[in-house]
Amino acid sequence: MKLFYKAGACSLAAHIVMAELNMAYELEAVDLQNKTCISGDFYKINAKGSVPALLMDSGEVLTECAVISQYLADQNIESTLLPKLGTIDRYRCLEWMNYIATDIHKNFGPFFSLDRMMKNTEGKNEFKTSAMELLKNKIAYASEKLAGNDYLLGKDYTIADAYLFTCLGWGKYIGLDIGQWPNLAAHLERVSQRPAVLRALKEEGLL
Ligand SMILES: N[C@@H](CCC(=O)N[C@@H](CS)C(=O)NCC(=O)O)C(=O)O
């Protein structure tokens with residue numbers, strides 16, 4: 001299978017999961033601005049124009065970071081990256097995946113596209129201030145839940161931790177110091193030391 005990715009973008013979460021499971025995979029970088037990749041027009045691979053996109057051996061393409069991560073984890077039912085079907089922990093993990101996708105990941109978005117969205121500097125600054133407050137609120141929730149826990153689900157590291165790690169890594173690009181939440185800073189550090197995470201970061205040229 002092949003993962004279409006952009007270095008450090010949300011696709012890193014799926015990349016980490018593939019590395020954690022020691023799967024056989026290929027990577028192909030996408031130029032998100034021009035929607036191109038080595039294979040050509042990226043829209044022909046993912047009509048949504050976004051990464052991640054997973055080209056499966058069957059030729060099908062799966063999109064959406066949270067869903068790709070679940071699909072990958074389900075390829076190895078022995079793995080604890082996604083708790084077993086029917087257990088409440090599975091839904092807790094999916095609850096986190098949804099929260100990270102819709103409340104954390106998407107609230108980082110405006111900081112990366114504001115210059116394209118808005119020309120007025122005063123309006124931009126006002127928007128940034130309120131967007132930052134909202135984002136901090138969403139992140140603070142994760143921090144509270146990590147109190148006394150190594151990972152979002154407690155003791156077990158799951159796909160949700162890989163996704164949270166990926167999103168929090170964007171703090172440095174928007175002037176958001178994750179160190180203000182010691183639980184999150186410790187989580188970032190813990191996850192960053194995992195061999196699969198180091199491998200994925202190296203493969204994306206981030207280390
Ligand atoms: N709904 C998609 C959104 C993915 C997404 O926002 N990807 C960003 C990178 S983190 C991207 O490709 N942005 C460029 C674009 O959407 O045009 C998902 O959750 O996977």
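The values are calculated or read from the model by the stated rules, or taken from the named source; none is laboratory data. Worth saying up front: this structure is predicted, and the values here are computed from it rather than measured. Every residue, glycine as well, gets a Cβ built from its backbone with ideal geometry; the counts of neighbours run over all protein chains shown.
Figures for the structure shown
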{"read-out": "Which listed residue, of 109, 148, is on the phi > 0 side of the Ramachandran plot and not assigned by TED's automatic domain parsing to the domain that holds residue 52", "value": "148"}
{"read-out": "Meets criteria (of a type in the set (Lys, Arg), under 20 Å from the mean Cα position of the chain (by Cα) and either in the same structural domain as residue 15 (by TED's automatic domain parsing) or part of a helix (DSSP H, G or I) (or both)) for residue 116", "value": "no"}
{"read-out": "Selected residue (criterion: surrounded by the most Cβ atoms within 10 Å (Cβ to Cβ)) from residues of the stretch 159-177 that are part of a helix (DSSP H, G or I) and without any contact (Cβ under 8 Å) to a residue 12 or more places away in the chain", "value": "171"}
{"read-out": "Lone qualifier among 81, 85, 54 - being hydrophobic (A, V, I, L, M, F, W, C), free of Cβ contacts under 8 Å to residues at least 60 places away in the same chain and in contact with a helix residue (DSSP H, G or I) (Cβ under 8 Å, 6 or more places away or on another chain)", "value": "54"}
